[in-house]
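Down below is the structure, laid out as structure tokens.
The values are calculated or read from the model by the stated rules, or taken from the named source; none is laboratory data. Computed from a predicted model, the values in this text were never measured in an experiment. Backbone-built Cβ (ideal geometry, glycine too); neighbour counts: all protein chains shown. The protein model used for the area step is the full one, side chains on, heavy atoms only, and it has no ligands, DNA or RNA in it. Shrake-Rupley method; radii C 1.70, N 1.55, O 1.52, S 1.80 Å.
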Protein chains: 6
Amino acid sequence: MNDRPQTGFPASLLTQTVEEGFELAIKLSRLGVKKTQPDMKVLKKLRAKYANNADSLTAASQVVAINFQTVAAANNYWRT
Amino acid sequence: MNDRPQTGFPASLLTQTVEEGFELAIKLSRLGVKKTQPDMKVLKKLRAKYANNADSLTAASQVVAINFQTVAAANNYWRT
Amino acid sequence: MNDRPQTGFPASLLTQTVEEGFELAIKLSRLGVKKTQPDMKVLKKLRAKYANNADSLTAASQVVAINFQTVAAANNYWRT
Amino acid sequence: MNDRPQTGFPASLLTQTVEEGFELAIKLSRLGVKKTQPDMKVLKKLRAKYANNADSLTAASQVVAINFQTVAAANNYWRT
Amino acid sequence: MNDRPQTGFPASLLTQTVEEGFELAIKLSRLGVKKTQPDMKVLKKLRAKYANNADSLTAASQVVAINFQTVAAANNYWRT
Amino acid sequence: MNDRPQTGFPASLLTQTVEEGFELAIKLSRLGVKKTQPDMKVLKKLRAKYANNADSLTAASQVVAINFQTVAAANNYWRT
């Protein structure tokens, strides 16, 4: 799960563990947001609000779940 | 379905039964939320509200359904 | 589609017919809600409201559709 | 795409054409709603409202799209 | 991507190019809406509103994305 | 990831890297929006608003996640 130095983007979807795969899914979800709103100051302000709203948190965890489907499939579900 | 001691994160997506797989899907959904809002006191307060709102409950059960797709595929749908 | 006596949880995702598979998808959707709000009295009250709201019904039927994808894949789409 | 006489539920997910598959996806979406709100009078009243609301229509067409994924996979995407 | 003369419905999910596949996904999304609201005059009026609402546009593009998954799988992702 | 000169539409879903695949998923998400609202002036105005709304950003990143599933599958998850 080495990152590409310039963009912070993962070079591969393969991870050693389920947990690392889940972290990668979270990372992909955040990268999806940053591509639309690259201003970190704005993102931090928004985060303060939605982290205290149950429905916003559920929506965020849904995006993570969708990206985790992708990462888990890439890793053959860490079945070995 | 042994957990990693430090993080409470499952070491594997494989489970013995459908029910354990469903429990794992719920766990993944909650881990997705905790990664955004790690403060358990805030989470408990939010939970009290959304557990009494039908649309919030439906949204939560949708995230569980998405994670259950992943876990079920990992387990080849417990077909044997 | 035998249930486990203690939890009402299905022991298998395999069903004889498409219709039974759809019923199982509905059951999984409801189990997802009950895990968050186990109080049946609260659930009944909420149900009375959202069963009369079109958007809530659509959202509920979306969760069923996602769970039906899982059940249908488990059954190889009842192709035989 | 014969229906089971008593429940109106399809006996199979297999259809001759893409269009019939899409119709089946719509049928499954409506069956998902009817299971929660079986009162046809209520459903008709709700329909009058949401059929005139753009976001409700988009949400309904999303459920159809999810069910169409299932039906299309069942039919090997009518590739022959 | 020949259409069936009477219904405007595609006879196949197979397309020559990625772009045609995306157009087909858009078509399927619109057919899903038309099945619920067949009155073109109403649809045009609704369109004027939601085409100027960011969240409505995102929701519409989500349905397209779901249908594009189906079309892309049908075409083996145009891998050749 | 050559684009077709006239439409800006990708000729293929295949990319060299995960990052390029993610960029393609973002592109597909935006193309989905542009098909409904082709007026770039309107889109820019809407973007200014939703880029400052947490829930809108989450919804946008969900569409990207769905399109990324498609692109990742097309590329066999860049497993080599």
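The table for this structure:
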| quantity | calculated |
| --- | --- |
| Position A:Ala11, label points 7 Å along Cα→Cβ, spacing to each other copy in nm (shortest first, one decimal) | 2.9, 2.9, 5.0, 5.0, 5.8 |
| Calculated P(r) of chain D - Cα pairs past 14 Å, % | 66 percent |
| Alpha carbon centroid spacing (whole Å) that separates segment B:8-33 from segment A:3-77 | 19 Å |
| 10 Å Cβ neighbours from other chains, averaged over peptide F:13-20 | 5 |
| Per-residue average of Cβ from other chains inside 10 Å of B:39-49 | 2 |
| Label distances, nm, F:Asp39 versus same residue in remaining copies, Cβ-directed 7 Å point | 2.5, 2.5, 4.3, 4.3, 4.9 |
| Two-site FRET efficiency, B:Lys41 against B:Glu20, from Cβ-Cβ distance with R₀ of 35 Å, rounded to 0.05 | 0.75 |
| Filtered trypsin sites (Lys or Arg not before Pro), segment B:42-80: DSSP coil and at most 12 other beta carbons within 10 Å | B:Arg79 |
| Tail fraction, Cα-Cα pairs, segment A:29-75, threshold 11 Å, whole percent | 71 percent |
| Interface size E-D, as summed buried accessible area [1.4 Å probe, Å², nearest 100] | 2500 Å² |
| Percent of C-alpha pairs per 10 Å bin, the protein assembly as shown, short to long | 4, 20, 33, 29, 13, 2, 0 |
| Contact order relative to length of chain D, as percent, for alpha carbon pairs under 8 angstrom and 6 or more apart | 39 percent |
| Phi-based couplings in Hz for segment A:19-29 (Karplus 6.51, -1.76, 1.60; Gly and Pro marked x) | 4, 4, x, 5, 4, 5, 4, 5, 4, 4, 4 |
